[in-house]
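Scroll down for the structure; my scribbles are underneath it.
A short reminder: the numbers here are calculations on the coordinates, not readings from a lab. No experiment lies behind these values; they were computed from the predicted model shown. Cβ placement follows ideal geometry from the backbone for every residue including glycine, while neighbour counts extend to all protein chains displayed.
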């Protein structure tokens, strides 16, 4: 293009500059909401559908927006034109950009109600030093969290509990068992479980528990041990204890099961059975 005067060239340059500045302030992100401009017809509807997120993500303060800048990638981008953003800070959303900073607005999340039930753990977990304590930071999940307000913790050092944080009531090993009553967390829970176990067992002197097929397969069995009344490694309740029948990774920390004396069968075979070739033998 040829210009006959410098004035025409200056006008062209100014106009081009205005266009560039105008484009730079157009937001690249749009919220996935009913007020998204439908002027583009089915194309916009298709884009919104591609950017939908799960209810699980929403529960952790995560939303999604259409962001054309994601064509070149970026934090939280997916499907080339969608971006995750955060409505509130949770463990799962903390690394994302806020939706407001991307020009998107979403309704405020209703505050979650924290449960108040005791943080119970199974007798098997308790036997290997794994306890449960109250932790308000578990409201939005996290490693070791369960029931939205509980976290697994270490009540005593064992291979199974070594990766957990120390339980809040095991703060000072020099404190007596009685002084733990009423301290932080679910300190009295072990006593409750112990009382329930004692009540269920009553005055029985024989353990009625049997090991699962999975435990047996890895060399773990259950035996009667009255010394468990005062606790100890492998004790399940006040009369039952885990023990190992063979050395495996899972059974290595248990003591060996006591040897069972071989008994000889003394039942005689009848003359009639013997006459037709039937005999009785000892089978341990």
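What is the distance, in nm, between label points placed 7 Å from the Cα along the Cα-to-Cβ direction at residue 75 and at residue 271?
Here the modelled spin labels are 9.6 nm apart.
What per residue convex hull volume, in Å³, comes out for segment 98-161 when only alpha-carbon positions are used?
Expressed per residue, the convex hull around the Cα atoms of segment 98-161 is 102 Å³.
In nanometres, what is the gap between the two model label sites at residue 58 and residue 100, each 7 Å from Cα along Cα-to-Cβ?
Placing both labels 7 Å along Cα→Cβ, they lie 2.1 nm apart.
Is the C-alpha gyration tensor of segment 203-284 telling us rounded, prolate or oblate? Criteria: a/c under 1.5 is rounded; beyond that, a/b larger than b/c is prolate, otherwise oblate.
It comes out prolate by the Cα gyration axes.
Taking R0 as 45 Å, what FRET efficiency do you get between residue 259 and residue 117 from their Cβ-Cβ distance, rounded to the nearest 0.05?
Using R0 = 45 Å, I get an efficiency of 0.50.
Modelled label-to-label distance, residue 226 and residue 88, 7 Å Cα→beta-carbon offset: nm?
Label-label distance for residue 226 and residue 88, simple model: 5.6 nm.
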